[in-house]
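Have a look at the structure below before the remarks.
What follows draws every value from the coordinates through simple rules; no lab data is involved. What you see is a predicted model; the values in this text were computed from it and never measured. Note that we place each Cβ from the backbone using ideal geometry, even for glycine, and neighbour counts take in every protein chain shown.
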Amino acid sequence: MKSIQKNEANGQGTVVQLLLPDVLRKTVLDTVLEAGMEALREMLETERSRLCGERYVHDGQREAWRSGYAPGELAMGGRRVSVRRPRVRGKAGELVLPSWKRFAEQDPLSERALEQVMVGVSTRKYHRSLEPMPAGSKTRGASKSAVSRRFVQKTAEHFEAMMRRDLSQIELCALLIDGLHVDEHVVLVALGIDTHGNKHVLGLYEGASENTTVCKGLLSDLASRGMRTEHSLLLVIDGSKALHSAIQAVFGERALVQRCQVHKRRNVEDHLPMSMKSSIGSAMTKAYRCRDPERAERILVGLAGQLDREHPAAAASLREGLDETLTVMRLDLPEALERTLATTNPIENLNGAIRRVTRNVKRWEDGRMVLRWIGAAVTEASKGFRRLRGHKGMLKLIGALRAHDAGLGITLETEERAA
């Protein structure tokens, strides 16, 4: 006891304490895995005895006989593990043990590969993220190429399922659209907000640029899958002229377009010298947060007038689409909901999740690969979706949209006939 205390005093005891948890963890894990493999073997042997009877016991009524073992594989721990499969032969040929059939049909490897990549594990390092198998176990299926094949298959399935999703049952109040640049491709992402404030990734659309044709393609795809376009909808965009034109072509007067206030501020600041960015940006923010659309418009028009002489490009940028940056302010929504829907921040957060997932990609092969990865990323991100900030005020938004419908002569009966 004294020697132990002495060693601890010298620092040696600390080393033992640090190593002990690792030794115990490895021992427990090995014990559990070995026990699991032994339980599997006993289960298979029990089923074989049920079919063939007890070993070395004569039975003239039996209809199945033991036939040794054959090499087999089962999915386990993210890879395929070699397991000796007990064989049984009957009068009509070989019989498959029920447990073996059930385990063999379960193949979670593709889901495991997808999950690992989504949390940031590269396909090259996939094998290092797996739990160790008992000593002497033969495994395969954890190589970079095998994981890549499973990942491609699974992401393709998820993307196709997302793009076939029926949108007719989602009661949308708002639609946020933004473009994401990936390599030489632009992918438009559509995020819908329903009447309860829940978020839904509605679709993706790929193109070489954010032009009107691509934007119309996205909206047409959403409409073809059931998104209702016969009633008024709030559309929040970053200010893209092509997207604005496409929205007008599809929705017409039913579109209540909100230009992102954050993008507008950045665009104006980009035309200003460093010494003026902060003051002009702060003045714009103050205008957008005053909650009085008429006062906000006066402040912004006054700012544009101040900039006319020294910085005409900044003044023109501020005036361009100014009215649409105040759309939600005119709807008289609760403050929290107004501030949320005045910008594209909800979809920017989604784009941030996409960038985190795709950061390990070194080379993009084609547009199909881009869509697969982004589809997988938005599926992963949607698992953590929360209701829209300010969702308690959704009834006010619904009322404002219905009032706009009434002004256009659109009633529930009109919508039902259109449907």
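Over 28 Å between C-alpha atoms is what I'm after, so list which of Lys125/Lys199; Lys199/Lys264; Lys91/Lys138; Lys277/Lys392; Lys144/Lys216 land there. Over 28 Å Cα-Cα: Lys125/Lys199; Lys91/Lys138; Lys277/Lys392; Lys144/Lys216.
Here the contact order of the chain, divided by its residue count and restricted to Cα pairs under 8 Å and six or more residues apart, works out to 13 percent.
Once the C-beta distance of Ser275 and Val301 is scaled by a Förster radius of 30 Å, the resulting FRET efficiency is 0.85 to the nearest 0.05. For the stretch 200-250, the square roots a ≥ b ≥ c of the C-alpha gyration tensor eigenvalues yield an a/c of 1.5 or more together with a/b not exceeding b/c, which makes the shape oblate. Overall, the anisotropy analysis places the stretch 174-278 in the prolate class: the square-rooted eigenvalues a ≥ b ≥ c of its C-alpha gyration tensor yield a/c not less than 1.5, with a/b exceeding b/c.
Straightening the chain between Thr213 and Lys241 buys 8.9 nm, computed as 0.36 nm per residue apart minus the Cα-Cα spacing. Near Glu206, within a Cβ-to-Cβ distance under 12 Å, what is the net charge of the other residues, with Lys and Arg +1 and Asp and Glu -1? Net local charge, Glu206 excluded: -3. Among residues other than Ala70 with Cβ under 10 Å from its Cβ, the summed charge is +2 (Lys and Arg +1, Asp and Glu -1).
Close amide H partners of Thr195, meaning residues 5 or more places away or on another chain with modelled amide H under 5 Å apart, are Glu171, Cys173. Of all trypsin sites (Lys or Arg not before Pro) in the stretch 152-195, which ones are in loop regions per DSSP and have a Cβ with at most 12 other Cβ atoms within 10 Å? The qualifying sites are Arg164. Computed on the stretch 92-247, with alpha-carbon pairs under 8 angstrom and 6+ residues apart, the relative contact order is 18 percent.
By DSSP, the beta bridges lying fully in the chain are antiparallel in about 80 percent of cases. If a spin label sat at a point 7 angstrom from the Cα of Ala403 along the line to its beta carbon, the backbone N atoms of the stretch 315-333 nearer than 14 Å would be those of 327-333. Remark: relative contact order (the stretch 266-396) = 22 percent; criterion is Cα-Cα distance under 8 angstrom and separation of 6 or more residues. In sequence order, the stretch 159-168 has phi-based couplings of 5, 4, 5, 5, 6, 9, 4, 7, 9, 5 Hz under the Karplus curve 6.51 cos²θ - 1.76 cosθ + 1.60, θ = phi - 60°, and Gly or Pro positions carry x. Taking the longest Cα principal axis of the chain as reference, the axis of helix 394-407 is set at about 50 degrees. Other residues whose C-beta falls under 14 angstrom from the C-beta of Ala353 contribute a net charge of +3, scoring Lys and Arg +1 and Asp and Glu -1.
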